[in-house]
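The values are calculated or read from the model by the stated rules, or taken from the named source; none is laboratory data. These figures come from a predicted structure and were not determined experimentally. Every residue, glycine among them, receives a Cβ derived from its backbone with ideal geometry; neighbour counts consider all protein chains shown. The area values use the complete protein model at the heavy-atom level, side chains included, leaving out ligands, DNA and RNA. Shrake-Rupley method; radii C 1.70, N 1.55, O 1.52, S 1.80 Å.
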Amino acid sequence: MAYIHSIAKLFEIKDPNIVLEDKVDTLLVKEVTCKVIFGTLSYQPAACQNCGVVNRSSDDLIKFGYKTSRIKLTTLGLQPVLLMLKKQRFQCKHCQTTFMATTPLVDERCFISNTLKQMITLELAEIQAMTLIAKRLNISPTPVSTQLKKAAKALNPSKQTLPEHIGIDEFRSVGNRMSAIIMDVHNHRLIDIIPERVQTELRDYFMRYPREARLSVKTVTIDMYKPYYQFFQRLFPNAEIIIDRFHLIQLLNRALNQSRIQLMNRIRYTRPTDYTKLKRLWKLLLKHREELDFERYHSHRLFEGLVTQKSMVEYLLSIDPKFRIEYELINDLKTDIIMNNVTLFEEDLHNTRHYTVSRHVRTAFTTLFHYREAIENSLTYTLSNGVVEGMNNKIKTIKRSGFGYRNFEHLRARVFLSQKLLARSNKPIRPLYFSDE
Ligand SMILES: [Zn+2]
């Protein structure tokens, strides 16, 4: 008896209505050797499942034979463990119908235990291919994707309230579609990902929330994608639109990089060694001016004698006076952004008008000028889409692991699951339980 008790414990069969047999067998199922244990499920039901009549005596409900189902219980090492469960059938004397005994171990008409389903859900939260999960748990891929769909449903956002600070960014999802990711940038929580970045979808999505929810949004952090700007202002009338700092720096760096390439093209045949220097040291030019090291001297194969990061950049700037001006103007603005100095930023931006710069650098400055109100917000609030960027990277990893998700809902569910698990990572991990409903 003690032996049977430990089997029950080992496989977490907690239902007292299941009586296990003192026997373990093996069975070959589709060329896989499985361990098999045996049990019987029976009890006195409280009422008829179909007509609801209360079971008082054998005049109400009678036991009416058994039906055996083969349940995939769990996996032990690499070996699947099956439970041959003899389920009691009951007959109702009042409505003449029959029904089967039920157990929390496995859902009705289901052949995979709930423990195994929880294991699938936990595995789905890890970054790995679904086929691999199926293989590891010795099941077919179908229950894995079924479980994924169920899990996704359970994780759907409430559509009742919105956080005060939301961040929206785009990412490439399935089939090269540009999708949108929505996050609570304050609490670093994923709100949702939606298939298309286009305005109609975003509007439909947010319109599903009550108006009060949209009015409660205080800031919306976005990138500099132009159509977004007014659109979000209309959608969230009380919100300040914030342009993400990361995107501001990115815009400036891109302009500087273009200047470097233009200069390279100009001197390619006249000054080939300078060309090579500009080509190889692009990272140093994009590094923030104040962060360049000026103390550590070392040798560099492109330079004679000892150099520092600072002296190398100084050399590159000496190649062309216009390039130097552009570098300084751009770095002034970058400093202001990093230091959150709104006044200096406005001043420096105005200051750029006194200099002749390349067309693309001018375009970048004009863009900043156009968005200066939103930029002011981003330098005032300490919020940043950094978390969104982080999430974006995570999605990329998930996409790679799934060998490119063709189904957006699958991708979305996986992202949600991994996020949920992440959120509770400092608490003990408890398997998520999803009923069949
Ligand atoms: Zn009945």
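Give me the percent relative contact order of segment 162-293, please, defined on Cα pairs under 8 angstrom at least 6 residues apart. Could the numbers behind the result be given before it?
Working: 160 pairs, mean separation 22.9, N = 132.
Once normalised by length, the contact order is 17 percent.
Each label was represented as a point 7 Å from its Cα along the Cα-to-Cβ direction; for A46 and R136 these points are 3.9 nm apart.
Taking each DSSP H run with n ≥ 4 as -39500 (n - 2.57) and averaging over every residue of the chain yields -13500 deg cm²/dmol at 222 nm.
Strictly over 26 Å apart at the Cα level, which of K67/K149; K14/K67; K287/K399; K135/K394; K30/K396; K14/K399 would you flag in this model?
Details: K67/K149 30 Å; K14/K67 21 Å; K287/K399 30 Å; K135/K394 24 Å; K30/K396 36 Å; K14/K399 38 Å.
Long pairs (Cα-Cα over 26 Å): K67/K149; K287/K399; K30/K396; K14/K399.
Spin-label model, S216/E108: points 7 Å from Cα along the beta carbon direction are separated by 3.8 nm.
Quick one: accessible area per residue over segment 2-111, 1.4 Å probe, rounded to a whole number of Å²? Provide the component values of the computation, followed by the final result.
Numbers: 6470 Å² over 110 residues.
The answer is 59 Å² per residue.
List the residues of segment 1-45 whose backbone N lies under 18 Å from a point placed 7 Å from the Cα of D60 along the Cα-to-Cβ direction. Residues 43-45 fall inside that zone.
Here the dipole of the chain is about 1420 debye; that uses its Cα centre as origin and unit charges on the Cβ of Lys and Arg (positive) and Asp and Glu (negative). Near I191, the amide H atoms lying under 5 Å from its own belong to I182, M183, D184; only residues 5 or more places off or on other chains count, and H is placed 1.01 Å from N.
Which whole-number percent gives the relative contact order of the chain, counting Cα pairs below 8 Å spaced six or more residues apart?
15
Once you sort the root eigenvalues of the Cα gyration tensor of segment 231-311 as a ≥ b ≥ c, which label holds: rounded (a/c under 1.5), prolate (a/b larger than b/c) or oblate (the other case)? Mind dumping the intermediate values first?
Working: a/c = 6.33, a/b = 2.05, b/c = 3.09.
In terms of gyration-tensor shape, oblate.
First check a/c for the chain, with a ≥ b ≥ c the square roots of the eigenvalues of its C-alpha gyration tensor; if it is under 1.5, answer rounded, and if not, answer prolate when a/b is larger than b/c or oblate otherwise. Prolate, because a/c is 1.5 or more and a/b exceeds b/c.
Checking the cross-link filter: which aspartates and glutamates have an alpha carbon closer than 13 Å to that of K150, excluding same-chain neighbours under 8 positions apart? Here the aspartates and glutamates satisfying the reach criterion relative to K150 are E409, D436, E437. Between the C-alpha center of segment 242-303 and that of segment 8-49 there is a gap of 68 Å. Residue ranges 34-44, 114-124, 284-294 sort as 114-124, 34-44, 284-294 when ordered by packing (mean number of other C-beta atoms within 10 Å per residue, highest first). Sorting 182-193, 48-59 by average packing, meaning the other beta carbons within 10 Å per residue, from highest down gives 182-193, 48-59.
Pairs of Cα atoms nearer than 8 Å and 6+ residues apart set the relative contact order; for segment 2-111 it is 25 percent.
Heavy-atom surface analysis with a 1.4 Å probe gives the chain a carbon and sulfur content of 52 percent of its accessible area.
Cross-link partners for K93 among the aspartates and glutamates, with Cα-Cα distance under 20 Å and sequence neighbours closer than 8 places in the same chain left out: D59, D60.
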